[in-house]
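Novice: The structure's right below; bear with me while I get my questions together.
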Amino acid sequence: MTIDLVGVTDETASGEIYSPAAAAVISPGVMGDNFSTIKPPVFNYTYAKANDKWDMYTFGWIVSAEPNWPDFFFTSEYAGVVDFGNYYNPEMDYWGNILYYDAANVSIAQEAAWNIQKTFYQTLPYIIWFYEPELYSVWTSGWSGYALIPTTGPSTSTGLYYTLLNVHPTGQAYGGTYTEALHGVPTSLNPLYQTNWVWQIDVWENVYDSPIGTPPTGVTSLATMPWMATYSIENETTTPLGHGNGWWNPFNASKIVNGQVITLNFFHNLTWQDGVPITAYDYNFSLYYWDLQGLSGASTPDSYASAPPYGLLATYIPPNNPYEIKLYVNSTNLWNIYTLDIALIPEHIFKYFSPSAVASSTGAMDTTLPANQISGLSGYLESNTTKLPEYIYWLPNLEVGSGPFTFVSWNKVSNVITLVRNIHYYRSAWWAFQQSAIAGKPFTYTATINETIYNPTSSSFEGVAPGTTGTIPITNATGYVEVLSNSSQVLAKAPLQGGANGVYTATINTSSLAPGLYEVFTNATYTSFGLQRYWYTFTAINVKTSVAKISAPTLSSSSVTKGQPVTISAQALSYTGAPMAGQTIVFVVNGTEVGSNVTNSKGIAIFKYTPSATGTLSVSAYAASNSSVSSPSATLTVSSPTNYTLYAIIAVIVVVIVVVAVVLLLRKPSAKGGSQAQPAPK
């Protein structure tokens, strides 16, 4: 047999496979309470034979660590939706549903998985050519921080999320332009697009986050961790469901039986990339928009993922707490927490758009463009009377997420997609972006608040030309900065002041801060284009010890002779006036450094200096850690030493003179008798 692999031009998988498969389904299979199929699917085989143009097609599955995905691909209730081959087998239906809805423990899950595998190989003409469970880096020259783990990130079930969250130039804490080569050209970067190619997810998963993450070390063990929210799970719960304030009960269900109640509590410091706060209402809206319950009419990768009778029946958000949501699922199984862990979609933007139009079976709205550049914009709106608010037109694009990167542009000629760091991301490496402060000295912290916009008007706005994207300063912000401890305790707080050209300052009292690195949380609110927004940033101040004052040097003697040692001491004080030990003090005489020493426990440094010149000398000191801090001067008078050699010579001369004088005196004649010489007799 010969197999020819022929490229088909001007054709798409949707047009050739997905749409005909969906059209051939008269009715999908219906599952009963015992997980068996009580009504088999009905197909229009005449239509299928007339419209199917292929004998075999290749495809790849983007699956996650949890092995419940066979229920989507091979059970008849998804015929024409995800079961593109319109495959039907009662055994596969039963075990697929058991695995997906009734695997309350690992033992049940293993039994169902083995039976699915047996049926798969016995009845399906599939050949698995390639299976890659992990990422690996081949050439890392110049870059560090690769995550060599299975292809799972907090947002989705595949991609490079953890690598892109951590990768950085070798030797640098942050920065650089990292280039990733995609396997193929994305069809769409709208996360709702049904044909969810891995190279599309590699891009958009870095823009959109989800409530729960998979830790890098726990992918294969099905571990989870809080990412945007903390969570708890109650199993085997039977409880009534409500219909009043705070409830979303679209099926009018009265209760769940032996089900799960999953509670999510979203962090309070989350914002969309346009500055709007994220709440549990955004998540509740996203459940609907992703069509998990089969309600919105959208065709997304997660359509019907948690539909009745055993899926998500209702949610509840306490009216007094917009950050908490309870999910009521009518089954207890291992996978509900994963199924409901979806990337969040901003309600304040997409509530104006029809989900079935934004994500249809044949395509998705281009969210990489500004609103007024989207072709056929009115056809995507919720109704023909829907009017978009002003702020949507000023957005640079509709790729407004909450993840670590912000979408900037997609050049569809060169196929270069550009993302930049989201400076508002709550998991930013705050320690990498530092300002330096001195312990005890008031510190002026600077924050620049601005907004990136697209100018939809015909005239320039704040320096941004018509039809272009640019940055405008925010001058009406109010807020504060907080200095946080490692345990998130507020150690210092100061209001933001100023605002001219978007530049704000806050004076932080550092008197209570020990030397070290501290997180600084900037919390500001402002109004822009009729919408209240929040500016959250996470940076650092590095508080260092530094000498604030040095006393005038004390001299052991203010007057010495040349060559005579003198002891000089100076005391180093902090900004609070406390002595500072361990500081290097440099001593200066007449403008020349003559030596240094380290301060003792009393903050005093001592140096012994031997002058080599005479005259009046100026003695001062300064701190090596802060050369701008120097002491007042002290005066040292150095005189010439006494010349004792000369004195000795003079003394000797004097003695000689005295001796000579004495000798001469003794030899002088006397007028009286004595021993004078007499004349010789004649």
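The values are calculated or read from the model by the stated rules, or taken from the named source; none is laboratory data. Given the structure is predicted, the values throughout are model-derived calculations rather than measurements. So basically every Cβ, Gly included, is an ideal-geometry build from the backbone, and we count neighbours across all protein chains shown. Areas reflect the complete protein model, heavy atoms only, side chains present, ligands, DNA and RNA absent. Shrake-Rupley method; radii C 1.70, N 1.55, O 1.52, S 1.80 Å.
Novice: Tell me which residues, restricted to region 619-635, are of a type outside the set (A, V, I, L, M) and assigned to a strand (DSSP E or B). Outline the logic, then answer.
Specialist: We begin by selecting, within region 619-635, every residue of a type outside the set (A, V, I, L, M); these are 620, 622, 625-628, 630-633, 635.
Result: 620, 622, 626, 627, 628, 630, 635.
Novice: Hey, another quick one. Hey, among the residues in region 303-319 that are in contact with a helix residue (DSSP H, G or I) (Cβ under 8 Å, 6 or more places away or on another chain) and open to solvent by 10 Å² or more (accessible area, probe 1.4 Å), which one's nearest to residue 282 (Cα to Cα)?
Specialist: Within region 303-319, the match that is nearest to residue 282 (Cα to Cα) is 304.
Novice: Also: Would you mention how many residues in region 345-370 are of a type in the set (A, V, I, L, M), over 13 Å from residue 194 (Cβ atoms) and open to solvent by less than 10 Å² (accessible area, probe 1.4 Å)?
Specialist: Let us first name the residues in region 345-370 that are of a type in the set (A, V, I, L, M), namely 345, 349, 357-359, 364-365, 369.
Right, trim to over 13 Å from residue 194 (Cβ atoms) and you get 345, 349, 357, 369.
If we keep only those that are open to solvent by less than 10 Å² (accessible area, probe 1.4 Å) as well, we get 345, 349.
Residues flagged as of a type in the set (A, V, I, L, M), over 13 Å from residue 194 (Cβ atoms) and open to solvent by less than 10 Å² (accessible area, probe 1.4 Å) within region 345-370 amount to 2.
Novice: Still on this structure, please answer the following. Name the residues in region 442-451 that are assigned to a strand (DSSP E or B) and surrounded by fewer than 18 Cβ atoms within 10 Å (Cβ to Cβ), would you?
Specialist: Of the residues in region 442-451, the ones assigned to a strand (DSSP E or B) are 443-448, 450-451.
Residues satisfying the conditions are 444, 446, 448, 450.
Novice: Just name the residue that is modelled with the highest pLDDT out of those in region 641-682 that are open to solvent by less than 80 Å² (accessible area, probe 1.4 Å) and either in contact with a His (Cβ under 7 Å, 6 or more places away or on another chain) or among the hydroxyl-bearing types (Ser, Thr, Tyr) (or both).
Specialist: 642
Novice: Can you confirm whether region 43-63 contains a residue that is within 30 Å of residue 256 (Cα to Cα) and at pLDDT below 90?
Specialist: So the first thing to find is which residues in region 43-63 are within 30 Å of residue 256 (Cα to Cα), and the list is 63.
Pick out the ones that are also at pLDDT below 90 and you get 63.
Looking for residues that are within 30 Å of residue 256 (Cα to Cα) and at pLDDT below 90, one finds at least one in region 43-63, hence yes.
Novice: Then there is this: Are any of the residues in region 393-405 modelled with pLDDT of 95 or more, of a type in the set (Phe, Trp, Tyr) and over 26 Å from the mean Cα position of the chain (by Cα)?
Specialist: Yes, there is a match, as at least one residue in region 393-405 is modelled with pLDDT of 95 or more, of a type in the set (Phe, Trp, Tyr) and over 26 Å from the mean Cα position of the chain (by Cα).
Novice: Still on this structure, I have one more. Quick check: is even one residue across region 465-481 at pLDDT 95 or above, of a type in the set (A, V, I, L, M) and out of contact with any strand residue (DSSP E or B) (no Cβ under 9 Å at 6 or more places or on another chain)?
Specialist: The first filter runs over region 465-481 and keeps only residues at pLDDT 95 or above, leaving 465-481.
Still in the list and also of a type in the set (A, V, I, L, M): 465, 472, 474, 477, 481.
Retained after the next criterion (residues that are out of contact with any strand residue (DSSP E or B) (no Cβ under 9 Å at 6 or more places or on another chain)): 465.
Looking through region 465-481, at least one residue is at pLDDT 95 or above, of a type in the set (A, V, I, L, M) and out of contact with any strand residue (DSSP E or B) (no Cβ under 9 Å at 6 or more places or on another chain).
Novice: Ok, one more. Which of the strands (runs of 3 or more DSSP E) found entirely inside region 506-584 contain at least 3 residues meeting this: closer than 20 Å to residue 434 by Cβ? Can you show your working first?
Specialist: On the way: elements: 516-528, 531-544, 559-561, 566-573.
The qualifying strands (runs of 3 or more DSSP E) are 516-528, 531-544.
Novice: For region 545-581, give me each residue that is open to solvent by 50 Å² or more (accessible area, probe 1.4 Å) and under 15 Å from residue 623 (Cβ atoms).
Specialist: Within region 545-581, 545, 549, 571, 575, 579, 581 meet the criteria.
Novice: Tell me yes or no: at least one residue of region 523-532 is buried (at least 19 other Cβ atoms within 10 Å of the Cβ) and either touching a helix residue (DSSP H, G or I) at 6+ places or on another chain (Cβ under 7 Å) or under 19 Å from residue 269 (Cα atoms) (or both). Step through it out loud before you land on a result.
Specialist: As a first pass, look at region 523-532 and keep what is buried (at least 19 other Cβ atoms within 10 Å of the Cβ): 524, 526.
Applying the additional criterion that residues be either touching a helix residue (DSSP H, G or I) at 6+ places or on another chain (Cβ under 7 Å) or under 19 Å from residue 269 (Cα atoms) (or both) yields 524, 526.
Taking every residue of region 523-532 in turn, at least one turns out to be buried (at least 19 other Cβ atoms within 10 Å of the Cβ) and either touching a helix residue (DSSP H, G or I) at 6+ places or on another chain (Cβ under 7 Å) or under 19 Å from residue 269 (Cα atoms) (or both).
Novice: Within region 326-382, considering only helices (runs of 4 or more DSSP H) that don't extend past its boundaries, which have at least 2 residues that are among the hydrophobic types (A, V, I, L, M, F, W, C) and in contact with a strand residue (DSSP E or B) (Cβ under 9 Å, 6 or more places away or on another chain)? It would help to see each step written out before you state the result.
Specialist: Details: elements: 336-339, 347-350, 355-358.
Hits in region 326-382: 355-358.
Novice: Right, something else. Quick check on region 75-119: of everything there that is among the aromatic types (Phe, Trp, Tyr) and modelled with pLDDT of 90 or more, which residue is farthest from residue 51 (Cα to Cα)? Write out each step before concluding.
Specialist: In the first step, residues of region 75-119 are kept if they are among the aromatic types (Phe, Trp, Tyr); the result is 78, 84, 87-88, 94-95, 100-101, 114.
Next, only the ones that are modelled with pLDDT of 90 or more stay: 88, 94-95, 114.
On the way: 88: 20, 94: 30, 95: 31, 114: 35 Å.
Only one residue tops the list, namely 114.
Novice: Select, from 187, 263, the only residue that is open to solvent by less than 30 Å² (accessible area, probe 1.4 Å), at pLDDT 85 or above, among the hydroxyl-bearing types (Ser, Thr, Tyr) and touching a Phe, Trp or Tyr at 6+ places or on another chain (Cβ under 9 Å).
Specialist: Working: 187 fails: open to solvent by less than 30 Å² (accessible area, probe 1.4 Å).
Residue meeting the stated conditions: 263.
Novice: With respect to residue 631, determine if the residue is open to solvent by 20 Å² or more (accessible area, probe 1.4 Å) and among the polar types (S, T, N, Q). Quick ask: steps written out before the conclusion?
Specialist: Values: open to solvent by 20 Å² or more (accessible area, probe 1.4 Å): no; among the polar types (S, T, N, Q): yes.
No; evaluated as a whole, the condition is false for this residue.
Novice: So residue 596 passes all but one of these: (1) modelled with pLDDT of 75 or more; (2) open to solvent by less than 70 Å² (accessible area, probe 1.4 Å); (3) in contact with a Pro (Cβ under 9 Å, 6 or more places away or on another chain). Which condition number does it fail?
Specialist: Unmet condition: (3).
Novice: Another question, then. Under the condition of being of a type in the set (S, T, N, Q) and part of a strand (DSSP E or B), which residue from region 241-260 is most open to solvent (accessible area, probe 1.4 Å)?
Specialist: As a first pass, look at region 241-260 and keep what is of a type in the set (S, T, N, Q): 245, 249, 252, 254, 258, 260.
Filter once more, keeping what is part of a strand (DSSP E or B): 258, 260.
Working: 258: 82, 260: 9 Å².
Here the answer is 258.
Novice: Residue 386: in contact with a Lys or Arg (Cβ under 8 Å, 6 or more places away or on another chain) and open to solvent by less than 40 Å² (accessible area, probe 1.4 Å), yes or no? Spell out how you get there, then give the answer.
Specialist: Numbers: in contact with a Lys or Arg (Cβ under 8 Å, 6 or more places away or on another chain): no; open to solvent by less than 40 Å² (accessible area, probe 1.4 Å): yes.
Against the criterion (in contact with a Lys or Arg (Cβ under 8 Å, 6 or more places away or on another chain) and open to solvent by less than 40 Å² (accessible area, probe 1.4 Å)), residue 386 does not qualify.
Novice: Right, next: Quick check, is residue 607 crowded, with 20+ Cβ neighbours inside 10 Å and either more than 14 Å from residue 637 (Cβ to Cβ) or free of Cβ contacts under 8 Å to residues at least 12 places away in the same chain (or both)?
Specialist: Working: crowded, with 20+ Cβ neighbours inside 10 Å: no; either more than 14 Å from residue 637 (Cβ to Cβ) or free of Cβ contacts under 8 Å to residues at least 12 places away in the same chain (or both): yes.
So residue 607 does not fit the description; no.
Novice: Being part of a strand (DSSP E or B) and out of contact with any Ser or Thr (no Cβ under 9 Å at 6 or more places or on another chain) is true for just one of 263, 230, 238. Which residue is that?
Specialist: Working: 263 fails: out of contact with any Ser or Thr (no Cβ under 9 Å at 6 or more places or on another chain); 230 fails: out of contact with any Ser or Thr (no Cβ under 9 Å at 6 or more places or on another chain).
Step by step, each of 263, 230, 238 is checked, and only 238 is part of a strand (DSSP E or B) and out of contact with any Ser or Thr (no Cβ under 9 Å at 6 or more places or on another chain).
Novice: Then there's this: In region 611-626, what residues are exposed (fewer than 12 other Cβ atoms within 10 Å of the Cβ) and among the hydroxyl-bearing types (Ser, Thr, Tyr)?
Specialist: 612, 616
Novice: Mind listing whichever residues of region 283-302 are open to solvent by 10 Å² or more (accessible area, probe 1.4 Å) and of a type in the set (Asp, Glu)?
Specialist: 302
Novice: Do any residues in region 97-117 that are assigned to a helix (DSSP H, G or I) have Cβ atoms under 6 Å from those of residues that are surrounded by 21 or more Cβ atoms within 10 Å (Cβ to Cβ) and of a type in the set (Gly, Ala, Ser), where the two are at least six apart or on different chains, and which pairs are they?
Specialist: Pairs that qualify, where the first residue is assigned to a helix (DSSP H, G or I) and the partner is surrounded by 21 or more Cβ atoms within 10 Å (Cβ to Cβ) and of a type in the set (Gly, Ala, Ser), are 98/112; 99/112; 101/331; 109/103.
Novice: I need a count of the residues in region 424-441 that are open to solvent by 40 Å² or more (accessible area, probe 1.4 Å) and either touching a helix residue (DSSP H, G or I) at 6+ places or on another chain (Cβ under 9 Å) or of a type in the set (Gly, Ala, Ser) (or both). Lay out the reasoning, then the answer.
Specialist: Our first condition is that a residue be open to solvent by 40 Å² or more (accessible area, probe 1.4 Å); within region 424-441, this holds for 427, 430-431, 433-436, 438, 441.
From what's left, either touching a helix residue (DSSP H, G or I) at 6+ places or on another chain (Cβ under 9 Å) or of a type in the set (Gly, Ala, Ser) (or both): 427, 436.
Here the count works out to 2.
Novice: Confirm whether residue 273 is more than 30 Å from residue 105 (Cβ to Cβ), touching a strand residue (DSSP E or B) at 6+ places or on another chain (Cβ under 8 Å) and modelled with pLDDT of 95 or more. Spell out how you get there, then give the answer.
Specialist: On the way: more than 30 Å from residue 105 (Cβ to Cβ): yes; touching a strand residue (DSSP E or B) at 6+ places or on another chain (Cβ under 8 Å): yes; modelled with pLDDT of 95 or more: yes.
Here the answer is yes, as residue 273 does meet what is asked.
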